[in-house]
1. Once R0 is set to 35 Å, what does the formula 1/(1 + (r/R0)^6) return for the Cβ-Cβ distance between Asp132 and Val463, expressed as a FRET efficiency to the nearest 0.05?
2. What is the gain in length, in nm to one decimal, between Asp142 and Leu369 on full extension, counting 0.36 nm per residue of separation less the C-alpha to C-alpha distance?
3. Which order do you get for Glu187, Glu27 if you rank them by accessible area with a 1.4 Å probe, largest at the top?
4. Label point 7 Å out from Asp490 along Cα-to-Cβ: which residues of region 409-424 have amide N under 13 Å?
5. So, in nm, how far is label Lys424 from label Asp401 when the simple model puts each one 7 Å beyond its Cα toward the Cβ?
6. Before I look further, what does the chain give for accessible area per residue, probe 1.4 Å, in whole square angstrom?
7. Compute, for His398, the solvent-accessible surface of its heavy atoms (probe 1.4 Å) with the complete set of protein chains present, and express it in square angstrom to the nearest 10.
8. Which of rounded, prolate, oblate describes region 306-392, given a ≥ b ≥ c as roots of the alpha-carbon gyration tensor eigenvalues and a/c under 1.5 marking rounded, otherwise prolate only if a/b is larger than b/c?
Amino acid sequence: MKDKIVIFDTTLRDGEQAPGASLNMTEKIEIAKQLNRLNVDVIEAGFPVSSKVQFDSVQRIADAVDTVVAGLARTVDKDIIAANDALKHAETFRIHTFAGTSDIHMLGKFGSDRYGKTLTEKRNNILQMSCDAVALAKTFTDDVEFSPEDAGRTDIGYLSEIVEAVIAAGATTVNIPDTTGYTMPLEFGQKISALKERVSNIDQAVISVHCHNDLGLAVANSLSAVTNGARQVECTINGIGERAGNASLEEIAMAIAVREDLWDVETDINTSEIFNASRMVSSFTGMIVQPNKAIVGENAFAHESGIHQDGMLKDNKTYEIMSPEQVGVTASKIVLGRHSGRHGLASRLIALGFSPSEEELNTVYQKFLDLADKKKEVFDDDLRMLMGEEVSIKDYSHHLDYLHVNLGTTTIPTATVRIKTDGKMVEESATGDGPVDACFNAIDRALNSKFHIESYQVRSVTVGRSAQGEAHLKLKSGDKSFSGRGVSTDIVEASAKAYIQAINEYSIQGEVNELLEAVTAP
Ligand code: KIV
Ligand code: ZN
């Protein structure tokens, strides 16, 4: 019998902390449902105390899935109470509390004298705060995880002490984060093994690891920890997360599956849902997967050289250590055409990992027919975009109703937009440096807005001259950024949709954030 590795997915918490990766509520719920299909063991859904948006999304995700859902909390009573309030209606849930334990974190984050004047006093206080937090969480749920943040750079003596104390206080999982991605695989593995030797009650908790990718070693470090006794791995789809990201779920799951001959462990991941999960996260976050990314990159199963192609024709094992089907990659298909029915569309969308409601299906079907009129071939990725757009714009109040652009080599670009905003129509025109700028100016007039555009990208979704274009845009207001995405066979229209979506995000999140105290995410 192999030991099970618990897969703790933190795409919706640490992943969403990636710069520019913010997700709206409907997108988070769709991703959570896909993680459920992927069969992860725990979904970390957010940091409830940090904002009303976070609180609500943790609550809604816990309602939407039957996986264990975790909420993050500092070792502060109000954080733990907020996590419980967000999760308490779920059948089973986990509270995950954390405190910085390296000297650098102690002296920086806990620099104030109220945590103690000397390093020893600070260490004692943090240890006590951590145990109190675990004990409080334990009054709400049996499933409590503690993370000594920056464990990778924490002195092993103190790390062992705090791990032993929180287990005694009731922690059932002790997570060892390499928060800054500093350690080397051998060193990190030894850290896990040292904890097993030094912590007398270690067998009363699951050892987990949470590795960041600053030196590109997050997956290697996680696997080295597994070799040394870790039995939970924290990871994200496509490896998204703070800075260089987290360990990538698909790489961990496939390394364990492909090299089953090496491991005395296994995961319960339904690997055939990996590709759908990857595409969904990429399209909702706007974080493009690099073509050569292991497992899910566009080139991961492409064979270019003649020798390789010849070998593959003779036996695909010559150059493939896993099959594309194993991770859910199928050849990009022309799925449906102008005469396809709603039923055909619905079953293809479900196969791609979506769960369209009747209402969503009606709208997407109409959009699909429009697209099939414009394009000869409709691919899976086109459907992903249509459905993704539908999911993304559902809760918004401003929608593009009409767009007209005048442009030529000797004319000043002029755009007219009609926007449905809170039930009424507003129409405005404006000129600009180019057609996109003219659109943005017209939208600003219609919505009485003016934003600085921080980043703007357009890419083709599928192939050919009639391919859809996807625009991603980030606008800035104060120190906050809001992202939007738009898809159309016309890149100017895609850009206008992306701008309106970002303004919608600003309207939702900007207002909500003003009501909240600022809580910095870890
Ligand atoms: O990187 C980190 O240390 C974290 C903790 C909250 C687990 O994200
Ligand atoms: Zn992290």
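1. Calculated value: 0.05.
2. 76.6 nm is the gain from fully extending Asp142 to Leu369.
3. Result of the area sort, largest leading: Glu187, Glu27.
4. Inside the label zone: 414-418.
5. Distance between label points: 1.2 nm.
6. On the way: 22520 Å² over 522 residues.
Accessible area per residue, the chain: 43 Å².
7. Taking all protein chains as shown, His398 has close to 30 Å².
8. Prolate, since a/c reaches 1.5 and a/b exceeds b/c.
The values are calculated or read from the model by the stated rules, or taken from the named source; none is laboratory data. Remember, predicted model here, so these are calculated numbers, not experimental data. Cβ coordinates were reconstructed from backbone atoms using ideal geometry, including for glycine residues, and neighbour counts include every protein chain displayed. Calculation scope for accessible area: heavy atoms of the full protein, side chains included, ligands and nucleic acids excluded. Shrake-Rupley method; radii C 1.70, N 1.55, O 1.52, S 1.80 Å.
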